[in-house]
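The values are calculated or read from the model by the stated rules, or taken from the named source; none is laboratory data. Since the structure is predicted, the reported quantities are computational estimates derived from the model, not experimental observations. Using ideal geometry, Cβ is built from the backbone for each residue, glycine included, and neighbour counts are taken over all protein chains shown.
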């Protein structure tokens, strides 16, 4: 599995194939729209990665934040289909990139099931939400 960071020009050129993955993320989590993610990635606030082998298999969105712990690479969104080995390959690529930009931690926002797939990550919290 190959993971490749997309420039603003590549996001525009490949948008029609990327959009379904980001719209799925939007539908399933209802946290942010695909169009907002596109804008944030094109402006450099977040990074959009394509995940593929012989064809596009998914997308990952990262966000680098400054914290008292140091720079953190957050895996903000991920959507697609991948084997465990593929997930590990993508994560390895993202780790290398994160270290290269000065990150000292990586954080994943996801469902509890990710802990089974990525046991090397420490469970540090949970997000709760209530409709008002």
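Summary of values
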| quantity | calculated |
| --- | --- |
| Hey, residue 80 closer than 27 Å to residue 115 by Cβ, in contact with a strand residue (DSSP E or B) (Cβ under 6 Å, 6 or more places away or on another chain) and free of Cβ contacts under 8 Å to residues at least 40 places away in the same chain or not | no |
| Residue 74 being without any contact (Cβ under 8 Å) to a residue 60 or more places away in the chain, touching a strand residue (DSSP E or B) at 6+ places or on another chain (Cβ under 9 Å), loosely packed, with under 13 Cβ neighbours inside 10 Å and not in a helix (DSSP H, G or I) | no |
| Hey, residue 61 touching a strand residue (DSSP E or B) at 6+ places or on another chain (Cβ under 6 Å), at pLDDT 95 or above and surrounded by fewer than 13 Cβ atoms within 10 Å (Cβ to Cβ) or not | no |
| Lone unmet requirement of (1) within 18 Å of residue 3 (Cβ to Cβ); (2) modelled with pLDDT of 95 or more; (3) outside any helix (DSSP H, G or I) for residue 104 | (1) |
| Qualifying residue in segment 112-127 (condition: within 14 Å of the chain's Cα centre (by Cα), at negative phi and surrounded by 14 or more Cβ atoms within 10 Å (Cβ to Cβ)) | yes |
| Test: residue 50 is surrounded by 15 or more Cβ atoms within 10 Å (Cβ to Cβ) and either in contact with a strand residue (DSSP E or B) (Cβ under 7 Å, 6 or more places away or on another chain) or without any contact (Cβ under 8 Å) to a residue 40 or more places away in the chain (or both) | yes |
| Given (1) modelled with pLDDT of 95 or more; (2) in contact with a strand residue (DSSP E or B) (Cβ under 6 Å, 6 or more places away or on another chain); (3) surrounded by fewer than 15 Cβ atoms within 10 Å (Cβ to Cβ), number of the condition residue 93 does not satisfy | (3) |
| Qualifying residue in segment 4-11 (condition: in a strand (DSSP E or B) and exposed (fewer than 15 other Cβ atoms within 10 Å of the Cβ)) | yes |
| Number of the exception - residue 57 against (1) in a strand (DSSP E or B); (2) under 25 Å from residue 123 (Cβ atoms) | (2) |
| Counted residues, segment 27-47 - those being assigned to a helix (DSSP H, G or I) and either buried (at least 19 other Cβ atoms within 10 Å of the Cβ) or modelled with pLDDT of 95 or more (or both) | 9 |
